[in-house]
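To keep things clear, I will list the structure first and then write my remarks on it.
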Amino acid sequence: MSTADRIYQRTEAGEKAWESRDPGVPAEQRRILGLINGETHSELLQNRLRHYSAAQISGWLAQLETQGLLHSVPGAVEHDLDFTGNFTAAELRGEDQKGEEKNPPR
């Protein structure tokens, strides 16, 4: 399972495992559960766990999903971390869809 560009959320079971510090969940996986707050992008997890390999993190995330402690969806424009996906060059220049300027210079 590739973790590239995914959004993770704890499930109800994941919330309970995190809150109870469930000893049945390995420490590294509990740490991941703790890092996930609402919708958390995979890039943020990779940055916060940078001393582990991408393969290790991917494996832990896959296990947590298999156990039903996490849920993920593909990342999308609305989850764009640098917000550049929401704009077109024409919009930034102030042009409408026909290529005309909205506010011509005076």
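The values are calculated or read from the model by the stated rules, or taken from the named source; none is laboratory data. None of these values were measured; they are calculated from a predicted model. A quick note on method: Cβ atoms are made from the backbone with ideal geometry, for glycine too, and the neighbour counts reach across all protein chains shown.
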Segment 6-33: number of residues that are exposed (fewer than 13 other Cβ atoms within 10 Å of the Cβ), farther than 17 Å from residue 56 by Cα and not charged (D, E, K, R): 3
Residues that are assigned to a loop (DSSP other than H, G, I, E, B) and closer than 14 Å to residue 14 by Cβ, drawn from segment 34-62: 36, 37, 38, 39
In segment 23-54, the residues that are touching a Leu at 6+ places or on another chain (Cβ under 7 Å) and not aliphatic (A, V, I, L, M): 29, 41, 43, 48
Members of segment 1-33 that are of a type in the set (Asp, Glu) and either assigned to a loop (DSSP other than H, G, I, E, B) or in contact with a Lys or Arg (Cβ under 9 Å, 6 or more places away or on another chain) (or both): 5, 22
Every residue from segment 42-53 that is touching a residue at least 40 places away in the same chain (Cβ under 8 Å) and in contact with a Phe, Trp or Tyr (Cβ under 8 Å, 6 or more places away or on another chain): 45
Residue within segment 92-101 that is at pLDDT below 95, surrounded by 14 or more Cβ atoms within 10 Å (Cβ to Cβ) and part of a helix (DSSP H, G or I) present: no
Out of 12, 28, sole residue that is of a type in the set (Asp, Glu) and out of contact with any Phe, Trp or Tyr (no Cβ under 9 Å at 6 or more places or on another chain): 12
